[in-house]
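Structure first, commentary second.
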Amino acid sequence: MASLKILLLPILLLSFFSFSESGEIKELLVGGTENSWKIPPSFDSLQKWAIKNTFHFVYFDSLVFKYDGKTDSVLEVTEEDYEACETSKPIKEYRDGNTKISLSTGTKFFISGAEGHCEKGQKVEINVGPDVLVLGFEDFGDSEKIIKEINSSENSDQSSF
């Protein structure tokens, strides 16, 4: 376990001090192209885009939704409302047609506010956080727990000298 901790420490440090490959905060266009925030060609197109880009969703980067603000909107919702395509009680609502949302740790759920659009696949789940930042594998668990284990291991190693 100690060797795993030694290997993880540089990766953890690199992850926490690097916002992206270029060291700058990025803006990620939802769907990958202009005006992708609309009913997708297939039900899971937007989610496939999100899965493909999971390693690019880094704390402090921004998601950019481009759409017709007169006919559509972006709603941040709970997981339950995401699954049910429930638009009546969003956490946040955006209607400007060029919405930029700063990413924070956790799973975020976004659906269209236009009637019937979510049911046709205009929704996306975004996972951002230390688990993705550390190694890109959620199987390694909570990075805060890993950091605490590394720190406690270092403290116990120092006390044995």
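The values are calculated or read from the model by the stated rules, or taken from the named source; none is laboratory data. If you're wondering where the values come from, they're calculated on a predicted model, not measured in any experiment. Cβ coordinates were reconstructed from backbone atoms using ideal geometry, including for glycine residues, and neighbour counts include every protein chain displayed. Note: areas computed on protein heavy atoms with side chains; ligands, DNA, RNA excluded. Shrake-Rupley method; radii C 1.70, N 1.55, O 1.52, S 1.80 Å.
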Within 17 Å of the chain's Cα centre (by Cα), modelled with pLDDT of 75 or more and open to solvent by 50 Å² or more (accessible area, probe 1.4 Å): does that describe residue 91?
yes
Could you grab me the full set of residues in region 31-63 that are part of a loop (DSSP other than H, G, I, E, B), open to solvent by less than 40 Å² (accessible area, probe 1.4 Å) and not acidic (Asp, Glu)?
31, 36, 37, 40, 53, 57, 58
Among the residues of region 111-125, write down those that are in contact (Cβ under 8 Å) with a residue 60 or more places away in the chain, in a strand (DSSP E or B) and surrounded by 20 or more Cβ atoms within 10 Å (Cβ to Cβ).
112, 123, 124
Is one or more of the residues making up region 26-49 β-branched (Val, Ile, Thr) and over 14 Å from the mean Cα position of the chain (by Cα)?
yes
Assess whether residue 99 counts as being assigned to a loop (DSSP other than H, G, I, E, B), at pLDDT 90 or above, under 12 Å from residue 113 (Cβ atoms) and more than 13 Å from the chain's Cα centre (by Cα).
no
